[in-house]
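Notes to accompany the following structure.
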């Protein structure tokens with residue numbers, strides 16, 4: 001199965017270098033323009049469906065892409081961003097100071113991240129819920145191309161252990177094509 005994996009487009013929190021986690025924030029004007037570019041970039045693929053997180057920023061990105069490629073959008077909580085608990089909404093600097101630099105979004109340590117002390121997720125649980133979703137899609141759509149629109153931390157936690165690059169996730173609205 002071919003998967004086009006994309007990061008949602010920009011929000012005010014992205015622009016302000018704040019962790020969004022499960023805070024449900026819409027795209028800003030720049031994010032809408034990024035989603036339109038993303039749609040133009042992926043229109044050449046024969047996408048069967050788009051699957052995205054339930055969070056507004058991912059749903060808006062998916063809706064803009066779906067309008068161009070003319071496919072249905074499925075939403076699922078399994079693609080939601082990592083829950084940082086009480087750290088949702090803090091800046092990256094505050095994040096490092098409050099929970100330790102070991103929990104910063106570094107691909108090599110993604111599975112080891114643990115935000116349960118703050119009321120959030122563990123990296124391993126985040127990986128498991130997303131991988132199970134991909135396994136289900138592969139079982140039902142093995143010869144199709146799907147698009148997955150998610151979030152930087154959660155996608156990094158999924159892709160790095162599977163051996164896929166994650167440096168492209170630095171930019172909202174970016175994407176990569178993988179074989180799964």
Return the residues of region 38-48 that are touching a helix residue (DSSP H, G or I) at 6+ places or on another chain (Cβ under 7 Å) and surrounded by 16 or more Cβ atoms within 10 Å (Cβ to Cβ); say none if nothing qualifies.
38, 39, 42, 47
Which one of 126, 155 is buried (at least 20 other Cβ atoms within 10 Å of the Cβ) and touching a strand residue (DSSP E or B) at 6+ places or on another chain (Cβ under 7 Å)?
155
Would you confirm, using the coordinates I've provided, whether residue 55 is under 20 Å from residue 92 (Cβ atoms), surrounded by 18 or more Cβ atoms within 10 Å (Cβ to Cβ) and at pLDDT below 95?
no
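So that you can scan it fast, the table gives a plain yes or no per residue for (1) within 17 Å of residue 158 (Cα to Cα); (2) crowded, with 18+ Cβ neighbours inside 10 Å:
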residue	(1), (2)
2	yes, no
6	yes, yes
36	no, no
50	no, yes
64	no, yes
82	yes, yes
Those residues of region 88-105 that are at pLDDT 80 or above and crowded, with 20+ Cβ neighbours inside 10 Å come to a total of 2
For region 11-53, which residues satisfy the criterion of being closer than 27 Å to residue 131 by Cα and in a loop (DSSP other than H, G, I, E, B)?
19, 20, 21, 22, 23, 24, 25, 26, 43, 44, 45, 46
Among the residues listed as 139, 108, the single one being loosely packed, with under 13 Cβ neighbours inside 10 Å, assigned to a helix (DSSP H, G or I) and either modelled with pLDDT under 95 or touching a helix residue (DSSP H, G or I) at 6+ places or on another chain (Cβ under 6 Å) (or both):
108
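The values are calculated or read from the model by the stated rules, or taken from the named source; none is laboratory data. Note that this is a predicted model, so its numbers are computed, not measured. As a convention, Cβ positions derive from the backbone with ideal geometry for all residues, glycine included, and neighbour counts pool all protein chains shown.
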